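Q: Provided herewith is a single structure, encoded as structure tokens, for subsequent inquiry.
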Number of protein chains: 2
Amino acid sequence: MKLLEERIVKDGKVFPGNILKVDSFLNHQLDVNLFNEMGKEWYRLFKDSGVNKILTIEASGIAIASIVAQHFNVPVVFAKKSKSRNIAGDVYSVVVKSFTHGNENHVIVSKDFLNPGDRILVIDDFLAQGCALMGLCDIIKSAGAEVVGAGIAIEKAFQPGGDLIREKGIRVESLAKIKEMHDDGSIVFC
Amino acid sequence: MKLLEERIVKDGKVFPGNILKVDSFLNHQLDVNLFNEMGKEWYRLFKDSGVNKILTIEASGIAIASIVAQHFNVPVVFAKKSKSRNIAGDVYSVVVKSFTHGNENHVIVSKDFLNPGDRILVIDDFLAQGCALMGLCDIIKSAGAEVVGAGIAIEKAFQPGGDLIREKGIRVESLAKIKEMHDDGSIVFC
């Protein structure tokens, strides 16, 4: 998606260690008009897939997913991160490793909000190692629901997550796929 | 706001200790159509206040704030919760006590995204003790920006937060104000 790639080039900042900071428009300050254009594009791609719910993960996926949900006219469910396994409620739970933060989170979703027969589109801001997305797909399968696909804003295509998930037969539509990032700040898209 | 009150009565669940669970539509599963109606109402109330940015706090404020921001055509900034003070970046930081979770969080916002002259509308899902809202207002003032007001989905008016913040001269517009909640599940609105 040209608009997103241009915005990444304009406002993204590359730091050593393949870190791309896009917090001025994607995950700290949020450009909801941009998210709206992203929603249009994902709707074009997934409109015939019978999506009846969108699943994302806190915190930075929530804003994108909520704007996108308006295009599909469906509710959003966001998975919650917890340091400890939630035993109080009746939840689906997976452990997800975060390479960015160097820790592990229990990721939980209430059993009330995912059901057999649900056709779920997963939305998230980044795909790199794929741990979060894989965890969300596992939760959806635990619920007996179907993963229609994943809409990712920015895929670091030089990291293995995208390939791993596509090899499992899951449709991944990334609006900006980064082939290379360099310490001089330059970014090459696929 | 009648629509929200009716939804709380229909789908909210009261638990002992003045706990109101609204996770089927407000803060785990998200009804974006409802948020859109809430956005219309807050826009009606604040449209002449020169709002140029919306501030909220992760996680459950983000979805509401993002939908609402479309009505004002402004960006959202969400404050991040951190167990430890972030010393890596240049951030505004306050400590906020959570009565719900019985802990304290450092709440941080990058200095890049709040500026003198900004006219900020704060959006959040709940107002009870007022600690989170007060913390966000303190951050806004630290930045030399102005708090135009606060848009709250559900105010527990039997707890002190709303009064404390209004006494400071801050305009608070809560779309559902709960006067009383009872263990039999009944809810009385103001």
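Q: What nm distances, shortest first, do you get from the label point of B:GLU104 to those in the other copies when the point sits 7 angstrom along Cα to Cβ?
A: For B:GLU104, the inter-copy label distances come out at 3.0 nm.
Q: Roughly what % of Cα-Cα distances in region A:6-68 sit above 16 Å, to the whole percent? Mind showing how you got there, number by number?
A: Working: 1058 of 1953 pairs.
Tail of P(r) above 16 Å: 54 percent of Cα pairs.
Q: Another one. Would you work out the relative contact order for chain B, in percent, from Cα pairs under 8 angstrom that are 6 or more residues apart? Please report the intermediate quantities before stating the final value.
A: Working: 369 pairs, mean separation 37.0, N = 190.
Over chain B, the number comes to 19 percent.
Q: Along Cα-to-Cβ, 7 Å out, sits the label point; list in nm, shortest first, how far the one on A:ASN115 is from those in the other copies.
A: 4.8
Q: For region B:107-190, what's the radius of gyration and Dmax over Cα atoms, in angstrom?
A: For region B:107-190, the Cα-based Rg and Dmax read 14.2, 48 Å.
Q: Per-residue HN-Hα couplings for region A:97-102, Karplus 6.51 cos²θ - 1.76 cosθ + 1.60 at θ = phi - 60°, whole Hz, x for Gly and Pro?
A: After applying 6.51 cos²θ - 1.76 cosθ + 1.60, I find 7, 9, 6, 4, 9, x Hz.
Q: Continuing with the same structure: Quick one: give the max-minus-min coordinate of the C-alpha atoms of region A:1-147 along each principal axis, largest first, in Å.
A: Here the Cα extents, ordered largest to smallest, are 44, 38, 21 Å.
Q: Packing-wise, with mean Cβ within 10 Å as the measure, how do B:57-64, A:31-38 rank, highest first?
A: Values: B:57-64: 25.4, A:31-38: 19.4.
Going by the mean number of other Cβ atoms within 10 Å, highest first, we get B:57-64, A:31-38.
Q: Next up: Read phi for every residue in region A:26-35 and hand back ³J(HN,Hα) as whole Hz from Karplus 6.51 cos²θ - 1.76 cosθ + 1.60, θ = phi - 60°, with x for Gly and Pro.
A: Working through the residues one at a time gives 10, 9, 8, 8, 10, 8, 5, 5, 4, 4 Hz.
Q: Going from most exposed to least, what order do A:LEU26, B:LEU3 have by accessible area with a 1.4 Å probe? Numbers along the way, then the final one.
A: Details: A:LEU26 0, B:LEU3 80 Å².
From most accessible down to least: B:LEU3, A:LEU26.
Q: Follow-up. For the full complex of protein chains and a 1.4 angstrom probe, list A:GLU173, B:GLU146 by accessible area with the highest value first. Mind dumping the intermediate values first?
A: Working: A:GLU173 45, B:GLU146 95 Å².
If we order A:GLU173, B:GLU146 from most to least accessible, we get B:GLU146, A:GLU173.
Q: Something else: Specify the angular offset, from 0 to 90 degrees and rounded to the nearest 10, of the alpha carbon long axis of helix B:60-72 from the longest principal axis of the alpha carbons in chain B.
A: For B:60-72 against chain B, the angle is about 70 degrees.
Q: Under the rule a/c < 1.5 gives rounded, and otherwise a/b versus b/c splits prolate from oblate, where does region A:67-151 land using the Cα gyration tensor?
A: Numbers: a/c = 1.82, a/b = 1.20, b/c = 1.52.
In terms of gyration-tensor shape, oblate.
Q: Sorted by accessible area with a 1.4 angstrom probe, largest first, how do B:ARG166, B:ARG44 fall? Could the numbers behind the result be given before it?
A: Working: B:ARG166 75, B:ARG44 135 Å².
These residues rank, largest area first, as B:ARG44, B:ARG166.
Q: Dividing the convex hull volume of the Cα atoms of the protein assembly as shown by its residue count, what figure in Å³ per residue is obtained?
A: Working: hull volume 51.5 nm³, N = 380.
Looking at the protein assembly as shown, the number lands at 135 Å³ per residue.
Q: With every protein chain in place, what's the accessible area of B:PHE158 (1.4 Å probe, Å², nearest 10)?
A: Surface open to solvent at B:PHE158 totals about 70 Å².
Q: Pairs of lysine in region B:16-137 with Cα under 23 Å and at least 8 positions apart or on different chains: total?
A: Final tally of qualifying lysine pairs is 14.
Q: May I ask for the distance between the Cα centers of region B:29-60 and region A:120-180, given as a whole number of Å?
A: With region B:29-60 and region A:120-180 each reduced to a Cα centre, they are spaced 30 Å.
Q: Short version: which residues of region A:108-125 lose at least 30 Å² of accessible area, all chains versus chain alone, 1.4 Å probe?
A: Residues of region A:108-125 that lose at least 30 Å² of accessible area once the other chains are added: A:PHE113.
Q: Can you pull out the chymotrypsin sites (Phe, Trp or Tyr not before Pro) in region A:58-148 that DSSP calls coil and that have at most 16 other Cβ atoms within 10 Å? The partial results should precede the final answer.
A: Working: sites: A:PHE72, A:PHE78, A:TYR92, A:PHE99, A:PHE113, A:PHE126; in loops: A:PHE99.
Hits after loop and neighbour filter: A:PHE99.
Q: Just need log10 I(q)/I(0) for region A:108-150 at q = 0.30 Å⁻¹, Debye formula, equal scatterers on the alpha-carbon atoms, no solvent, rounded to two decimals.
A: The Cα Debye sum returns log10 ratios of -1.13.
Q: In nm to one decimal, list the spacings between the A:GLY144 label point and its equivalents in the other copies, with label points set 7 Å along Cα to Cβ, shortest first.
A: Here A:GLY144 shows inter-copy label distances of 6.0 nm.
The values are calculated or read from the model by the stated rules, or taken from the named source; none is laboratory data. The structure displayed is predicted, hence computed values, not measured ones. Ideal geometry is used to build each Cβ from the backbone, glycine not excepted, and the neighbour counts take in all protein chains shown. Side chains included, ligands, DNA and RNA excluded: accessible areas come from the protein's heavy atoms. Shrake-Rupley method; radii C 1.70, N 1.55, O 1.52, S 1.80 Å.
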